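Here the structure is laid out as C-alpha cells; the discussion comes afterwards.
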Amino acid sequence: MAEPVTFEHFDQAWTEKVLGKRGRKGIDAYLGIVATEFTAGRLVAGFDVTDELVTMIGNIHGGCISALVDHVLGVVMYPVMPPRSWAATTEFKINLLAPVTAGRVEATAQIVSMSKRLAVVRIDVENVVAGADGAEPRRRLVAVAQGTSTIVAPREG
C-alpha cells in the first residue's frame, strides 16, 4: 500500500464553507451535489436520485455519475492547494459498473499523488439505498474513476 499523501496546506475554513451546502448554479446545483465529509485530500459528496434524473429506461444516465466524478475531482483539491490557486480537470477515466435506479449516488475522492502542478485522484462511486424496516443502508459500488487535476498558481500582481 502506498504512503499517504501529505500536504503543505490545509484550509479547514474552505471545507466548512462547502460541507452540507448545495450550490446555487451549475451542474452541481442541478444534480443537488452536497459534500458530507471533507478532510485533507479526501472528499465524500453525492446527490439523491430524483424522478427528474431517471431516464425512460428506469435508471440515471452515466453522465450524471460522470458529472459527480468531475466535480469531486476538482473540489477535493481546493483546501490543500496554495491560496488563490485553482484546479482544472485535465482528464479522467471512468468505469461504470452497475445501473442506478434509486437512492443516493455518493462519491469518495482521494488524492493519491500531488505535486505543485498536478494531482491524481481516485474516485469510488456507490449507490446507497435505504434498508428495509430500519436496516442499514445497502451500498453498492457503481463506478470507479481516476483523474488528473492541473493546479494553476495564482497570477502575480
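A short reminder: the numbers here are calculations on the coordinates, not readings from a lab. Quick caveat, the model's predicted, so the values are computed rather than measured. Positions of Cβ are backbone-derived with ideal geometry, glycine not excepted, and every protein chain shown enters the neighbour counts.
Quick notes on this one:
- Rounded Å value of the spacing that divides the Cα centres of region 30-95 and region 120-157: 7
- Per-residue Karplus couplings for region 6-13, computed as 6.51 cos²θ - 1.76 cosθ + 1.60 with θ equal to phi - 60°, are listed in order as 10, 10, 6, 10, 8, 9, 4, 4 Hz, Gly and Pro entered as x.
- Estimated translational D of the chain in µm²/s (Stokes, Kirkwood radius over Cα pairs; 4 °C; 1.567 mPa s): 80
- Point-charge dipole on Cβ atoms (K/R +1, D/E -1) for region 17-64, about Cα centre, debye to 20: 340
- From helices alone, the chain scores -4500 deg cm²/dmol at 222 nm; the rule is -39500 (n - 2.57) for each run of n ≥ 4 DSSP H residues, then divide by the residue total.
- Distances between every pair of Cα atoms in region 19-110, grouped in 5 Å steps from 0 to the bin holding the largest one, split as 3, 13, 24, 25, 19, 10, 4, 2, 0 percent.
- Helix axis angle, 62-75 relative to the chain longest principal axis, alpha carbon, degrees: 30
- Most positive-pole-ward Cα, 123, 59, 31, against dipole of region 12-152 from beta carbon charges: 123
- Test item: Cα-centred dipole of the chain, Lys/Arg +1 and Asp/Glu -1 on Cβ, debye: 360
- Contact order relative to length of region 12-152, as percent, for alpha carbon pairs under 8 angstrom and 6 or more apart: 23
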